[in-house]
Amino acid sequence: MSTAATPTWDPAQYLRHAGHRARPFADLLAHVPDLPAERPRIADLGCGPGNVTALLAERWPTAHITGYDNSAEMLDKAHVEHEGPTAGGGRLDFAPADVRTWTTGEPHDLIVSNATLQWVPGHTDRFADWITALRPGGTFAFQVPGNFAAPSHRLMRDLAPRHGLADVLRHDDAVLDPGDYLARLADLGCAADVWETTYVHLLTGEDPVLDWVKGTGLRPVLTALADDPERREAFLDEYRTALREAYPAGAHGTPFPFRRIFAVARREA
Ligand SMILES: C[S@@+](CC[C@H](N)C(=O)[O-])C[C@H]1O[C@@H](n2cnc3c(N)ncnc32)[C@H](O)[C@@H]1O
């Protein structure tokens, strides 16, 4: 029996769908209002390989932006590809941190987190600290997947116990409903804007949904079976077959519906 451990990440696999994955971040940023400071201080919690963190520097070129992550693999990629001064005289850097405990004594103008908080059980308990860390008029903004009941995730959860992986995957309550996020952020005194969108990504190539989840949701399974190629292939064979049935290829590619939940909370000025 394998149990949950911190998954290892593979930046190259994750970035194979970088275009599709970056779109929700752009949609999130489009709803973030102007920031209070002329040279804003920004934190990106769970920055991954840093490619979306770099988009923050395009919107706020004078900002000092720090991306935090607890994956050495992701941080290595971010350091090499994106760290340094930015075009407007700002700076982009990256540092190790665990989102479960990250806090700062420095006033921030924006704390953002994209596609990460679903990995952090009890993440709403951290909201009060993060909002307290904002300058008045500053914003906390995040996006999480809301697709835990979708076949991609349900099928892997159903298969896991039969492969001795019962405790490896999180259940279907990794995120809250949009209305619950709204209530929590409003209770903390924020002007909150919460919404959801279902993208229909049109994926190409063979078994593209499997290829997608190998970069994200399947990481705990791949980590648990990293030293057992036979069991790994047995799991993947069964999962691949089920995914082909759930997401058949069409004339133009494989449509992959993906629900996401967004929240933008502004601390009153
Ligand atoms: C799906 S990736 C998202 C990366 C990036 N934000 C993006 O949008 O492309 C999730 C990231 O969260 C990080 N992560 C998960 N749990 C974490 C924790 N407790 N502390 C810090 N980072 C964490 C992972 O290492 C991974 O890089």
Item to check | Using θ = phi - 60° and Karplus 6.51 cos²θ - 1.76 cosθ + 1.60, couplings along segment 45-54 (whole Hz; Gly, Pro as x) | outcome: 8, x, 6, x, x, x, 5, 7, 4, 4
Checklist outcome for this item: Computed ³J(HN,Hα) along segment 202-219: with the Karplus parameters 6.51/-1.76/1.60, θ = phi - 60°, integer Hz and x for glycine or proline, the list is 9, 9, 10, x, 7, 6, x, 6, 4, 4, 4, 6, 4, x, 9, x, 8, 3
Item to check | segment 161-235: proportion of alpha-carbon pairs further apart than 21 angstrom, % | outcome: 52
Next on the checklist: Give me the three principal axis extents of the chain from the C-alpha atoms, as integers in angstrom, largest value leading.
Outcome noted: 54, 41, 39
Checklist entry - Where does helix 18-29 land angle-wise versus the long Cα axis of the chain, in degrees 0 to 90, nearest 10? => result 30
Next on the checklist: Among Ala63, Pro161, Leu210, whose Cα projects farthest towards the positive end of the dipole of the chain, with charges put on the beta-carbon of Lys, Arg (+1) and Asp, Glu (-1)?
Outcome noted: Ala63
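Can you tell me the length gained on complete extension of the stretch Ala128 to Asp34, counting 0.36 nm per residue apart and subtracting the Cα distance? Walk me through the numbers before you get to the answer.
Values: separation 94, 0.36 × 94 = 33.84 nm, distance 2.15 nm.
Contour length minus the Cα-Cα distance gives 31.7 nm.
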Checklist entry - If each residue's Cβ is checked for other Cβ atoms within 10 Å, how do Ile131, Ile42 rank with the fewest at the top? => result Ile131, Ile42
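Give the percent of DSSP beta bridges with both residues in the chain that are antiparallel, rounded to the nearest 5.
50
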Item to check | Thr6-Thr241 FRET efficiency (beta carbon distance; Förster radius 25 Å; 0.05 resolution) | outcome: 0.30
Checklist entry - Dipole size in debye (nearest 20) for segment 1-147 around its Cα centre, Lys and Arg Cβ +1, Asp and Glu Cβ -1? => result 220
Checklist entry - What spacing in nm lies between the two simple spin-label points modelled at Asp187 and Asp76, each 7 Å away from Cα in the Cβ direction? => result 4.2
Checklist entry - What is the extension gain from Asp93 to Asp180, computed as 0.36 nm multiplied by their sequence separation minus the C-alpha to C-alpha distance, in nm to one decimal? => result 28.0 nm
Next on the checklist: For the chain, take the longest principal axis of its alpha carbons; what is the angle in degrees between that and the long axis of helix 229-246, to the nearest 10 within 0 to 90?
Outcome noted: 80
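Taking 0.36 nm per residue of sequence separation and subtracting the Cα-Cα distance, how much length would be gained by fully extending the chain between Glu268 and Ala249, in nm to one decimal? Before the final figure, lay out each step's value.
On the way: separation 19, 0.36 × 19 = 6.84 nm, distance 4.78 nm.
Length gained between Glu268 and Ala249: 2.1 nm.
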Checklist outcome for this item: If N is the residue count of segment 13-80, its Cα Rg over 2.2 N^0.38 Å rounds to 1.13
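Convert 4 °C to kelvin, take the viscosity as 1.567 mPa s, use the Kirkwood radius over C-alpha pairs of segment 191-269 as Rh, and evaluate the Stokes-Einstein diffusion coefficient in µm²/s, rounded to a whole number.
On the way: Rh = 15.0 Å.
Here the translational diffusion coefficient equals 86 µm²/s.
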Item to check | Cα centre as origin, Lys/Arg/Asp/Glu Cβ charges: segment 166-213 dipole, Debye | outcome: 180
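Quick check on the chain: helices-only [θ] at 222 nm, where DSSP H runs of length 4 and up contribute -39,500 (n - 2.57) each and the sum goes over total residues. Nearest 500, please. Write down the numbers at each step before the final one.
Values: 10 runs with 90 residues, N = 269.
Rounded to the nearest 500, it is -9500 deg cm²/dmol.
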Checklist entry - Using the alpha-carbon atoms, what tilt in degrees (0 to 90, nearest 10) does helix 178-187 show relative to the longest principal axis of the chain? => result 30
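Each reported figure results from applying straightforward, stated rules to the coordinates on display, with no laboratory input. Only a predicted model underlies this, so the values are computations on that prediction, with no experimental measurement involved. Note that we place each Cβ from the backbone using ideal geometry, even for glycine, and neighbour counts take in every protein chain shown.
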